[in-house]
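Below you'll find the structure, written out as structure tokens, and then a few comments.
The values are calculated or read from the model by the stated rules, or taken from the named source; none is laboratory data. Remember, predicted model here, so these are calculated numbers, not experimental data. Cβ placement follows ideal geometry from the backbone for every residue including glycine, while neighbour counts extend to all protein chains displayed. Ligands, DNA and RNA are stripped out before the accessible areas are found, and what is left, the full protein with its side chains, is counted by its heavy atoms. Shrake-Rupley method; radii C 1.70, N 1.55, O 1.52, S 1.80 Å.
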Amino acid sequence: MKNLLSIPLQSDASAGESTAKMLASAVSVSYGTKQAIRDITLPIRECRVTALIGPSGCGKSTFLRSLNRMNDTVDGAKVSGEILLDGQDIYARNVDAVEVRRRVGMVFQKSNPFPKSIFENVAFGLRIAGEKDATKIAQVVEESLRGAALWDEVKERLQESAMSLSGGQQQRLCIARALAVKPEVLLMDEPASALDPIATAKIEELIRDLRSRYTIAIVTHSMQQAARVSDYTAFFYLGELVEFGETTQIFTRPSQPRTEDYITGRFG
Amino acid sequence: MMNTHTSQQYYTELRSLKDRLLAMGGRCEAHIRQALQALEHQDAMLANEVTGTDHQINADELAIDDLAVRILALRQPVGKDLRFLLTALKVVTDLERIGDEAVNIAERAEELSSEPHLPETWRALPEMANAAAAMLHDALDAFVEEDAEKAQSVLEKDDEVDEFYGQVMRKSLEYMAQHSARVKAAMGVVSCAKYIERIADHSTNIAEMVVYMVRGEDVRHRGKK
């Protein structure tokens, strides 16, 4: 996987590749004495969807969380290596972790709306950031809800509790909340795993739509979902990156036997 | 190829698809052999047997298509399973057409059975038939053994069959020019040569799909084809 270091950072129009918005180089993460991921080198390309797949415990979520310093909040977590966001190391001493998390937003497996109104859920990040202009807040809330393909469903009831929404709507509300603070990268940790097929399809459709404006990395256990929504796929196994490539290639002719075994259900 | 599948049911379905394809391939080989024997020995009864049993090959095609669609819908295969499924769907069509070509040969053999003995002029025909039959046999072997190199070697043999075809055509034209009363019989032989040449082409298609199945590499329409 070392040859990933040679991946061009500049767009190669002929190959349809985009710039690496984020670039992880030799990243290892351990929790206390347990090493969760080892020596991961992987680009997250701009305005593309990168899927991280692999069996439970392979380190894909750990890697995802290291992309916006969420592991900082875990006791005993230690990150080594380098993760660049637009060429700047997000773990450098002078970098504010809160600002990193604003630029690199996250959507979790279980939707976690606050026990507030739909409007206030989306406005929350802006208020925390000190925004007081009510007109501006209302405008951003609408933009974010539209961006999350939820506006038409909730515009008549913005003051109702977010808890009154369905599971799929709650998840899209969480995406709207993430969008409100104008992130550049969105990390999604199994965003549709608890949803029914229709709600899942809406989330997947939304991911494809968001792709034109945001860089997205998604952890999913669903092979089909990874195949449907992503442009690139990275296969993790036992804390290591086994293979990274274009999704079409990974799902039709992976180069590594371990990838082939995993995606075709021959593991174990 | 498939014996490490976590889902035994899925494994069984893939295995069953492969077995059915192999059975169909075996039937095609047998039909070709019989049709060629019927042609060589001008044996109308044997020719009739071939035409009478083509429905089995058609039934094979329908059953294989059904199973492949079921696996695609229920299992959504990826990686080598996907390549195998795509190969199966393509190979089944080639096999069914090979079955049709065997019937065509058998029909001509039946017509030719009432003709006087076919002259030596067409001695290249059995050789050509053997070469085409060997191509099918090797293509199916390559499929069973998942052997891309063997499949590749089948592709190289297509030229040989094409050369035989040219020889048969030239000899037939010469023969027809000299024996105008036997043009009908000569045309029957020419048709058979064409059917055999098509069998070689279908075998080539199968071999190309085997290369794809094993390596994920599409080798179709390369070179002069």
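Odds and ends about this structure:
- The listed peptides A:74-83, B:152-161, A:60-69, ordered by packing as a protection proxy, come out as A:60-69, B:152-161, A:74-83 (highest mean of other Cβ atoms within 10 Å first).
- Label-point separation, B:Ser191 to B:Arg170 (7 Å along Cα→Cβ), nm: 2.6 nm
- Calculated FRET value between B:Ala177 and B:Glu127, using beta carbons and R₀ = 22 Å, to 0.05: 0.45
- Accessible area expressed per residue, chain B, with surrounding protein chains retained (probe 1.4 Å, Å²): 46 Å²
- Averaged over peptide A:258-264, the number of partner chain Cβ atoms lying within 10 Å of each residue's Cβ comes to 5.
- Percent accessible area from carbon and sulfur atoms, chain B, protein chains only, probe 1.4 Å: 50 percent
- Counting Cβ atoms of other protein chains within 10 Å of each Cβ in B:49-60 and taking the mean gives 0.
- Largest first, the three principal axis extents of the alpha carbons in the protein assembly as shown are 104, 49, 41 Å in whole numbers.
- At R0 = 25 Å, FRET efficiency that the Cβ-Cβ distance of A:Lys34 and A:Ser193 yields, to 0.05: 0.55
- Portion, in percent, of the accessible area of segment A:144-266 that falls on carbon or sulfur, probe 1.4 Å: 49 percent
- Solvent-accessible area buried by B and A, counting both chains, probe 1.4 angstrom, square angstrom: 1100 Å²
- Peptide ranges B:197-209, B:62-74 listed from the most packed, as the mean C-beta count within 10 angstrom indicates: B:197-209, B:62-74
- In the context of the full set of protein chains, segment A:29-132 has a per residue accessible area of 47 Å² (1.4 Å probe).
- Residue order by solvent-accessible surface for B:His41, B:His137, B:His117 is B:His117, B:His41, B:His137, largest first, with ligands and nucleic acids left out and a 1.4 Å probe.
- Extension gain, B:Val69 back to B:Ser7 (0.36 nm per residue minus Cα-Cα distance, nm): 20.5 nm
- Over the protein assembly as shown: helical MRE at 222 nm, DSSP H runs n ≥ 4 each giving -39500 (n - 2.57), nearest 500: -19000 deg cm²/dmol
- Between B:Asp218 and A:Met163, the modelled label-to-label distance comes to 5.5 nm, taking each label 7 Å out from Cα in the direction of the beta carbon.
- Of the GluC sites (Glu not before Pro) found in segment A:114-174, those in coil by DSSP whose Cβ has at most 12 other Cβ atoms within 10 Å are A:Glu156.
- Pairs beyond 21 Å (Cα-Cα), from B:Lys171/B:Lys194; A:Lys21/A:Lys78; A:Lys21/A:Lys182; A:Lys21/A:Lys136; A:Lys34/A:Lys60; A:Lys110/A:Lys136: A:Lys21/A:Lys78; A:Lys21/A:Lys136; A:Lys110/A:Lys136
- Take the Cβ atoms of B:Glu145 and A:Asp209, set R0 to 35 Å, and the FRET efficiency comes out at 0.15.
- Using a cutoff of 8 angstrom between alpha carbon atoms and counting only pairs six or more residues apart, the relative contact order for chain A works out to 25 percent.
- Within 10 Å of each Cβ in A:249-255, the average number of Cβ atoms from other chains: 4
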